[in-house]
Amino acid sequence: MRYTVVTVALALVVASAGCQSAPAENVLRRDVDAIVAIGVTGVQARVVDGGGDRVAVAGKSDIAAAEQVSPNGFFRIGSVTKSLVATVVLMLVGEGRLGLDDTVQRWLPDMVRGNGNDGDLITVRQLLQHASGIHDVMPDFSTPESYYRLRYEVRTPEQTVAAAIGHAPDFAPGTGWSYANSGYVLLGMIIEQVRKRPWYDEVRSRIIEPLGLRDTRWPGDSPTLPAPHAKAYQQYEVDGPLTDVTEVLDADASDGYLSTTADIGTFYRSLLSGKLLRPERLAQMQATVPVDGVIGQVWPGIRDGLGLFSVPLSCGGTYWMHNGGLEGYITETGVTADGSRSAVVSMSTALAAGEDITRSKGFEQQRAATALVDRALCAE
């Protein structure tokens, strides 16, 4: 969920001990093939439960070559980063270093001020739950020309926040809901004020190293990805050509990390099974509010917590997730409420949405990915 929520990458997790049943293998293969048939260049999907791990891939890693997509390829996880950041914030809350009802003004004096914006009225909880009202202003990668012009441009967190508060707020804090990447940029800055070191160092020491996520990396000022990886492609116009958008500088606290389907699944299973947060903190993370608009059309019944979304399962109950989209790479995640089963899908193409989103290939791509996750998590 970054520039458009209807472009998404799908990941899947189901497994059994030892050999997998042929029907389950066939369903996973069929689902990744169906996503490629829509126009996505490459897909990798991983399904994991207590018994094992299986992966399916489809498509190509480069449209100019015949190389198959790697089942262990790196990709930009986009807004899945927000779940990592939110987890660190809840850890700090549990340690008494930070409060969910602390104001932005307390930690970032006069950072959010002007044009009707007031850091005295915005809380950490509201930033986490996209209820701050702060306007979202992100780089305008709306055409190939703008991508080529801006892809190596360095933007500081302060510049991102300044651009956001250059606009009036979308609503008074706590009175509405609107997805805001800039709110998580502020959360990264707050973490740094609390701990006196970079936010990504806190993610590394509190999550990445304890869980052994060796392939989850903060890229810093490098626009490239480690090998292996599939190239990322963006379709800017309906039925238009695909543009290679693999390289970009974008590593803030809203969407900065690189990872793999294996690492992402491990993180979400660990989070939901209680390995990272005490029960009361996880319960705070899972206190949700309704979500509507386009996001509600993509995931009917979706609700937003603190860095996590809940989505109804077709077989009953809910699963927890956070979608991620950043310049061609789309990530879809899903984990059962007890953390026993996860599904992670990475797609290396973002198809155009068009004016009528629900009739677009981008929407079809997202819905196919969501259906894959649902089938994986509902599998017996």
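The values are calculated or read from the model by the stated rules, or taken from the named source; none is laboratory data. Keep in mind it's a predicted model, so treat the numbers as computed, not measured. When we count neighbours, we look across all protein chains shown, and the Cβ atoms used for this are built from the backbone with ideal geometry, even at glycine.
When you go through 317, 325 one by one, which is the residue that is buried (at least 24 other Cβ atoms within 10 Å of the Cβ) and under 17 Å from residue 370 (Cβ atoms)? Break it down stepwise before answering.
On the way: 317 fails: buried (at least 24 other Cβ atoms within 10 Å of the Cβ).
The conditions single out 325.
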Mind checking which helices (runs of 4 or more DSSP H) fall wholly inside region 199-308 and carry at least 1 residues that are of a type in the set (Gly, Ala, Ser)? 261-272, 279-285, 293-298
Output the residue which, of all residues in region 250-273 that are among the aliphatic types (A, V, I, L, M) and more than 25 Å from residue 376 (Cα to Cα), is surrounded by the fewest Cβ atoms within 10 Å (Cβ to Cβ). 251
Please give the number of the condition residue 161 fails out of (1) out of contact with any Lys or Arg (no Cβ under 8 Å at 6 or more places or on another chain); (2) more than 22 Å from residue 325 (Cβ to Cβ); (3) surrounded by 16 or more Cβ atoms within 10 Å (Cβ to Cβ); (4) in contact (Cβ under 8 Å) with a residue 40 or more places away in the chain. (2)
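Any residue that is without any contact (Cβ under 8 Å) to a residue 40 or more places away in the chain, assigned to a helix (DSSP H, G or I) and either crowded, with 20+ Cβ neighbours inside 10 Å or not polar (S, T, N, Q) (or both) - is there at least one of those in region 71-91? Can you show your working first?
We begin by selecting, within region 71-91, every residue without any contact (Cβ under 8 Å) to a residue 40 or more places away in the chain; these are none.
There is no residue in region 71-91 that is without any contact (Cβ under 8 Å) to a residue 40 or more places away in the chain, assigned to a helix (DSSP H, G or I) and either crowded, with 20+ Cβ neighbours inside 10 Å or not polar (S, T, N, Q) (or both).
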Quick check, is residue 170 out of contact with any Cys (no Cβ under 6 Å at 6 or more places or on another chain), under 26 Å from residue 275 (Cα atoms) and either part of a loop (DSSP other than H, G, I, E, B) or modelled with pLDDT under 95 (or both)? no
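Within region 211-220, can one find any residue that is acidic (Asp, Glu) and more than 17 Å from the chain's Cα centre (by Cα)? Spell out the reasoning first.
To start, the set of residues in region 211-220 that are acidic (Asp, Glu) comprises 215.
Now restrict to residues that are more than 17 Å from the chain's Cα centre (by Cα): none.
No, because not a single residue in region 211-220 is acidic (Asp, Glu) and more than 17 Å from the chain's Cα centre (by Cα).
Quick one: in region 166-218, which of the residues that are of a type in the set (Lys, Arg) and touching a residue at least 12 places away in the same chain (Cβ under 8 Å) is surrounded by the most Cβ atoms within 10 Å (Cβ to Cβ)?
217
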Look at region 275-293 and say how many of its residues are modelled with pLDDT under 95 and under 21 Å from residue 211 (Cβ atoms). 0
Identify the residue in region 329-380 that is closer than 23 Å to residue 72 by Cα and basic (Lys, Arg) and, among all such residues, is surrounded by the fewest Cβ atoms within 10 Å (Cβ to Cβ). 375
Count of residues meeting criterion [outside any loop (DSSP other than H, G, I, E, B) and either under 19 Å from residue 57 (Cβ atoms) or within 15 Å of the chain's Cα centre (by Cα) (or both)] in region 320-344: 15
Can you tell me which condition residue 158 does not meet? The list is (1) closer than 26 Å to residue 333 by Cβ; (2) part of a helix (DSSP H, G or I); (3) out of contact with any strand residue (DSSP E or B) (no Cβ under 7 Å at 6 or more places or on another chain); (4) not basic (Lys, Arg), and all the others hold. (1)
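Looking at residue 147, is it among the aromatic types (Phe, Trp, Tyr), within 20 Å of the chain's Cα centre (by Cα) and more than 17 Å from residue 101 (Cα to Cα)?
Numbers: among the aromatic types (Phe, Trp, Tyr): yes; within 20 Å of the chain's Cα centre (by Cα): no; more than 17 Å from residue 101 (Cα to Cα): yes.
Criteria not met by residue 147.
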Among the residues of region 50-57, is there at least one that is part of a loop (DSSP other than H, G, I, E, B) and over 25 Å from residue 226 (Cα atoms)? yes
Determine whether residue 8 is within 18 Å of the chain's Cα centre (by Cα), at pLDDT below 75 and of a type in the set (Val, Ile, Thr). yes
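Each row is one residue, and each column tells you yes or no for (1) surrounded by 13 or more Cβ atoms within 10 Å (Cβ to Cβ); (2) acidic (Asp, Glu); (3) not in a loop (DSSP other than H, G, I, E, B).
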{"residue": "111", "(1), (2), (3)": "yes, no, no"}
{"residue": "126", "(1), (2), (3)": "yes, no, yes"}
{"residue": "130", "(1), (2), (3)": "yes, no, no"}
{"residue": "133", "(1), (2), (3)": "yes, no, no"}
{"residue": "137", "(1), (2), (3)": "yes, no, no"}
{"residue": "142", "(1), (2), (3)": "no, no, no"}
{"residue": "146", "(1), (2), (3)": "yes, no, yes"}
{"residue": "149", "(1), (2), (3)": "yes, no, yes"}
{"residue": "153", "(1), (2), (3)": "no, yes, no"}
